[in-house]
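Bear in mind these aren't lab numbers, they're just calculated from the coordinates by the rules spelled out. What you see is a predicted model, and the numbers here were worked out from it, not measured in a lab. Cβ placement follows ideal geometry from the backbone for every residue including glycine, while neighbour counts extend to all protein chains displayed.
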Amino acid sequence: MFTVIMNLNYLDFEQPIAVLEGKIEELQLVGNDNDLNINEEISKLKEKSTKLTESIYSNLSSWQVVQVARHPQRPYTSDYIKRIFTDWDELHGDRHFGDDGAIIGGVARLNGQPVMVIGEEKGRGVSEKVQRNFGMPKPEGYRKALRLMEMAERFKLPILTLIDTPGAYPGIDSEERGISEAIAQNLAVMSRLKTPIICTVIGEGSSGGALAIGVGDHLNMLQYATYFVISPEGCANIIWKTVDKAPLAAEAMGVTSSVLEELGIVDETIPEPLGGAHRNIDAMADTLRQRLSEQLDQLNAIPTEELLEKRYERLMSYGN
Amino acid sequence: MSWLEKLVPSVVRADGKKGSSKVPEGLWKKCVKCSAVLYRPELEKNLDVCPKCDHHMRIGARRRLDIFLDEDRRQEIGTEVEPIDRLKFKDVKKYKDRLSTAQKTTGEKDALVAMKGELKGMPIVAVAFEFAFHGGSMGYVVGERFARAAKIALEENIPLVCFSATGGARMQEALISLMQMAKTSAVIERLKQQGTPYFSIMTDPVYGGVSASLALLGDINAAEPGSRAGFAGPAIIEQTIRQKLPPGFQRAEFLLEHGAIDMIIHRGQMRDKLAGLLAKFTRQGTAPAQPQEEVS
């Protein structure tokens, strides 16, 4: 016999769900398949757990959304690449300095159509996280992304970007190699690439490091993704001098897709499975694939010149 | 700890006063670098550069444009653009109140002043950041005024010069601020495609979202001596890598050494230098000569 005290697969505010799921697991372990009473109890508990999840998730605070967006089990770029695309070939390097593991890029097919895919990747497990620098790109990462995007333009491949980063890497080497210039250059060039660009925030969209692969014709956010100009912790640290006020900062800044859709910055919120994308990665990937396919069809139908003019007008209208 | 070390990337301290260059009125001013006590009228004649140690003191946006542009034919751009508190942002104070305080102390509506004018007779658009306003942070007004200024440069095919001094994006406008990075970069890219010169002059300091957009996109990137510019503030980097930063890190000289800027320009030579460069970029014979009123 064991009891669930604190289940690390669940966030703080999900612990009541964890308790129920623990009970279900216990019953399943002790239960005999022929024991009708136990099976009945299990299905009752399962129903209760679903209802509880629904009620908790229908009313998440901004800070709770940030926590879901950063959930250690949340699907990353590589999880989506595997499930959404076929015929994937990863391409490496910026041709100047190195290959940045925090940004993955390559060519693949979406429903048969060749596309360029670029995404930030946090990595799973200690060694991969280190190799990917916890999803914090350095200049060479953004320059690799730029190289691939310019190549996509030459070969008329639409560009799909997946955004998930705690921010561009703040380090000496980043500064020495011109992290500011690398980000700025991407913003400038993406505004005029003659190919459709769809950007999707799949997890954490932190500031310039996110925007550097985030300029395009259509901006999606997954339902529990987050996008901010400074992390709630950073904002809290400046205003309240303590990171403990991050929940207040998250609320004040409006870091969720609902607020950002209202501001006209985000075009579309893509719904997640109950309890977040990590509860059913396949279902999430399937929804995302469907949305990306439809959006791409729509963008493909727009003549390039018109597409670029629309993109530019949109950029110019931010904040109006 | 200096005020700058408290800066965080992409944002600015909510209280713009900290970095303000406001000093009590008086005839004397102390140089923050060499502590020399300077006679104010002399200092002003020297363009607020310390005659003893050559430290370039911070100056406001209007003074910046005033010492840069010719006296005649100046026309301000985008005065009708005023800040909007779309998020109804509130922390310990309302953003609205912070704005009106900043407006009162600086006399500016927001942190960017844009003007069309002339540089030694050459028509030009120039913009300057007001650091005393919310740490020169970029929100909607800064992005929009920059874009409007750039559009005039684009339409009339005349050069655009930007003097930046900023802590980065303004967090009280959250994602709207972030998107100003994309807005300003897109319009600069149009200038580039058209072959209209855009020069970016970084003055102390330039950080965060402005550094990662309009400030590093110049055909010419330059900086005043000793000015600091970078993406992440020194405190954040030290916190991340847990080691002390090398001396001179992120200073103009460091930027030059690492290939981020073309040159360092002394404030006293700014007009001459930029006029000479622009004359070549616009394939004009020579920079129109004018009596040198600057001290070098």
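What would the Debye formula give as log10 I(q)/I(0) at q = 0.09, 0.11 Å⁻¹ for the alpha-carbon point model of the protein assembly as shown, no solvent? Each listed q maps to, in turn, -0.72, -1.03. Projecting the Cα atoms of B:178, B:95, B:122 onto the charge dipole of the stretch B:68-185 (Cβ charges, centred on the Cα centre) puts B:95 farthest toward the positive pole. Cross-link partners for residue A:23 among the lysines, with Cα-Cα distance under 23 Å and sequence neighbours closer than 8 places in the same chain left out: A:44, A:46, A:48, A:51. Derived scalar couplings between HN and Hα for the stretch A:210-220 equal 8, 4, 4, 10, x, 9, x, 8, 8, 10, 9 Hz in order, rounded to whole Hz, by the Karplus curve 6.51 cos²θ - 1.76 cosθ + 1.60 (θ = phi - 60°), x for Gly and Pro.
Inter-chain neighbour count for A:245-255: the average number of beta-carbon atoms from partner chains within 10 Å of each residue's beta-carbon is 3.
Within chain B, the cysteines lacking any other cysteine Cβ closer than 4.7 Å to their own Cβ are B:162.
Across the options B:60, A:160, A:292, the greatest Cα extent toward the positive end of the charge dipole of the protein assembly as shown (unit charges at beta carbon of Lys, Arg, Asp, Glu) belongs to B:60.
Starting from the stretch A:57-101, pick out the chymotrypsin sites (Phe, Trp or Tyr not before Pro) whose DSSP state is loop and whose Cβ has at most 16 other Cβ atoms within 10 Å.
Sites meeting the loop and neighbour criteria: A:97.
Listed cross-link partners A:156/B:151; B:151/B:244; A:245/B:244 are compared with a 32 Å cut-off, the Cα-Cα value being larger for B:151/B:244. Based on DSSP loop calls and a cut-off of at most 13 other Cβ atoms within 10 Å, the longest stretch of chain A free of exposed trypsin sites (Lys or Arg not before Pro) is what? The reported range is A:1-94. Geometric descriptor of chain A, per residue, is 157 Å³ (volume of the convex hull of the Cα atoms). Note that the stretch B:159-293 carries a Kirkwood radius of 16.0 Å, evaluated over its alpha carbons pair by pair.
Comparing mean-square fluctuations of B:216, B:274, B:27 from a GNM of chain B with C-alpha springs under 10 Å, the top value falls on B:27. Here the Karplus curve 6.51 cos²θ - 1.76 cosθ + 1.60, taken at θ = phi - 60°, turns the phi angles of the stretch B:34-45 into couplings of 9, 6, 5, 8, 10, 6, 4, x, 5, 4, 5, 4 Hz, with x standing for Gly and Pro.
Pull out a ≥ b ≥ c, the square roots of the eigenvalues of the alpha-carbon gyration tensor of the stretch A:54-126, then state rounded if a/c is under 1.5, prolate if not and a/b is larger than b/c, and oblate in the remaining case.
oblate
Result for chain B in a Gaussian network model with C-alpha springs under 10 Å: among B:135, B:117, B:107, the largest mean-square fluctuation is at B:107. Just from its helices, what would the mean residue ellipticity at 222 nm be for chain B, if runs of 4 or more DSSP H residues each count -39500 (n - 2.57) and the sum is divided by every residue, rounded to the nearest 500 deg cm²/dmol? Roughly -9500 deg cm²/dmol at 222 nm, from the helical runs in chain B.
For residue A:41 and residue A:73, compute 0.36 nm times the residue count separating them, minus their Cα-Cα distance, and round to one decimal in nm.
8.6 nm
Highest mobility in the GNM of chain B, judged by mean-square fluctuation with C-alpha springs under 10 Å and restricted to B:264, B:152, B:241, is found for B:241. The aspartates and glutamates whose alpha-carbon is closer than 18 Å to the alpha-carbon of residue A:241, local same-chain residues fewer than 8 away aside, are A:233, A:251, B:5, B:15, B:91, B:238. Among B:246, B:193, B:232, whose Cα sits farthest toward the positive end of the charge dipole of the stretch B:162-296 (+1 at Cβ of Lys/Arg, -1 at Cβ of Asp/Glu, about the Cα centre)? So the residue we want is B:193. For the pair residue B:96 and residue B:66, label points projected 7 Å from Cα toward Cβ lie 3.3 nm apart.
With the simple spin-label model, which puts each label point 7 Å out from Cα in the Cβ direction, the residue A:131 to residue A:286 separation comes to 3.0 nm.
Value of Rg to Rh for chain B, rounded to two decimals, is 0.95; Kirkwood radius and Rg both from alpha-carbon coordinates.
When +1 charges are put on Lys and Arg Cβ atoms and -1 charges on Asp and Glu Cβ atoms, the dipole computed for chain A relative to its Cα centre reaches about 520 debye.
Over the stretch A:261-320, the Kirkwood radius and the radius of gyration, each from Cα atoms, give a ratio Rg/Rh of 1.09.
As a proxy for reagent exposure, B:219, B:70 were ordered by neighbouring Cβ count within 10 angstrom, fewest first; the result is B:70, B:219. Quick check on the stretch B:141-193: take the gyration tensor over C-alpha atoms, sort the square-rooted eigenvalues as a ≥ b ≥ c, and tell me if it's rounded (a/c under 1.5), prolate or oblate. It comes out prolate by the Cα gyration axes.
When the pairs B:30/B:52; B:45/B:104; B:120/B:192; A:194/A:310 are compared against a 19 Å limit on Cα-Cα distance, B:45/B:104; B:120/B:192 fall above it. Overall, the anisotropy analysis places the stretch B:87-171 in the prolate class: the square-rooted eigenvalues a ≥ b ≥ c of its C-alpha gyration tensor yield a/c not less than 1.5, with a/b exceeding b/c. Annotation note: GluC sites (Glu not before Pro) in the stretch B:59-112 located in DSSP loop regions with a Cβ neighbour count of at most 11 within 10 Å are B:71, B:80.
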